[in-house]
Every structure is written in structure tokens, then in C-alpha cells.
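One structure below.
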Amino acid sequence: MAVDEGFGTTITFQSGFFTGLLRSVDVDGIERTALETSHNTTTNGWRTFRPSDLKDAGELTVGILFEPDADWKTALGAAAETVTITFPVPAGLTTGAKIAASGFLRSFTLTDPYDDMMTATAVIKFSGEPTLTDAA
């Protein structure tokens, strides 16, 4: 296993959307529901659960330096497309690990401070099963 810093991570969209300069990547919400199986005679009153067969691929939150010509309005109305996160190449290897999934822009937040860089946060909702590729 190769552990590395995030500098050099890239994100590509099938449509070419996303022209901002990447500052942060956060993939969260990957989960499956716990289905409660407790009943009136559950041993000693401890709740019991079983895992759902359904899984949620979560969301990708991207922090960028905002470029006013970025076409986030069009992307907000677009269909899901392939989104690929490519991580930096670890020392001694030739390719970085990748996560590819179908996703769509769920929300976009712009921050415009008077004495700092304009930034934005885009949240992409993943749909379906992601493809994971190990670094090699």
C-alpha cells in the first residue's frame, strides 16, 4: 500500500465541465443502510440489525479556485456523466489510483471574499457502482 499526500490529484468529467483549479477533494457518504430487525422478544432488549442489500456510492465535494467563466449553470441541468478522480502517482509506481463513477452536479456554492481568492464548492452525487483502480 502506498500512502501519499493529495497534491497532484485531478478530476475529469466526461463532458469537460470543471475548469476550476482544484484545491480539495472529499468523497463521503459511501454507505449502506442498517435495517433494524429488533422485535418484542429481542434478547435483553438490545436492538438488532442486518445490512441492506442496497449501497450508496456517496458524493464528491470539490473545492476549487473559482473562475467566473466556469459553466456551472449548464452543468447543474446536465445529465449524469462519468466523473474520474485520479490520485497522485506514489513513489516507485507509474500510475495513480482512480475512482470512476457516474455522477451529476447536485449543488454549487460560490464564495467571494473582498480580500482573498474567490472559491467555489461543487457537490457531485454519485449514482450506481463506482469503479476502483489501484495504483500500479
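The values are calculated or read from the model by the stated rules, or taken from the named source; none is laboratory data. Since the structure is predicted, the reported quantities are computational estimates derived from the model, not experimental observations. All Cβ positions, even for glycine, are placed from backbone atoms using ideal geometry, and neighbour counts span all protein chains on display. Surface accessibility is based on the protein's heavy atoms, side chains included, excluding ligands, DNA and RNA. Shrake-Rupley method; radii C 1.70, N 1.55, O 1.52, S 1.80 Å.
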Discussion item. Which one, GLY45, ILE64, ALA34, projects farthest toward the positive side of the charge dipole computed for the chain from Cβ point charges (K/R +1, D/E -1)?
Written reply: GLY45
Worksheet item: Residue separation times 0.36 nm, minus the C-alpha to C-alpha distance between THR131 and ARG50: what's the value?
Response: 26.6 nm
Worksheet item: Using a cut-off of 23 Å between alpha-carbon atoms, which lysines can reach LYS98, once sequence neighbours fewer than 8 places away in the same chain are excluded?
Response: LYS55, LYS125
Fill in: Cβ-placed point charges (K, R +1; D, E -1), dipole of the stretch 1-106 about Cα centre in debye, nearest 20
320
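Fully extended, how many nm does the chain gain between THR41 and ALA79 (0.36 nm per residue separation, minus their Cα-Cα distance)?
Numbers: separation 38, 0.36 × 38 = 13.68 nm, distance 4.79 nm.
Contour length minus the Cα-Cα distance gives 8.9 nm.
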Worksheet, complete the sentence: Two pseudo-spin positions, 7 Å from Cα along C-beta at MET117 and at ASP71, lie apart in nanometres by 2.4
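If I compute solvent accessible area with a 1.4 Å probe over the protein chains, what percent of it on the stretch 1-102 is carbon and sulfur?
Details: 3860 of 7080 Å².
Answer for the stretch 1-102 is 54 percent, counting heavy atoms of protein chains only.
Count the net charge of all other residues whose Cβ sits under 15 Å from the Cβ of THR131, scoring Lys and Arg as +1 and Asp and Glu as -1.
Numbers: positive: LYS55, LYS98; negative: GLU81, GLU129, ASP134.
Net charge around THR131: -1.
For the stretch 32-88, what is the relative contact order in percent, using Cα pairs closer than 8 Å and at least 6 residues apart in sequence? It would help to have the intermediate numbers written out before the result.
Working: 31 pairs, mean separation 15.4, N = 57.
Relative contact order, the stretch 32-88: 27 percent.
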Worksheet item: Given LEU105, THR84, THR133, which one lies farthest toward the positive end of the charge dipole of the chain, if we put +1 on the Cβ of every Lys and Arg and -1 on the Cβ of every Asp and Glu?
Response: THR133
Worksheet item: Can you give the calculated 222 nm mean residue ellipticity of the chain, where each DSSP H run of n ≥ 4 adds -39,500 (n - 2.57) and the sum is split over every residue, rounded to the nearest 500 deg cm²/dmol?
Response: -500 deg cm²/dmol
Worksheet item: Can you work out D for the stretch 10-124 in µm² s⁻¹ from Stokes-Einstein, where Rh is the Kirkwood radius over C-alpha pairs, the temperature is 4 °C and the viscosity is 1.567 mPa s?
Response: 76
Fill in: Top of ASP69, ASP53, ASP115 by mean-square fluctuation, Gaussian network on the chain, Cα under 10 Å
ASP115
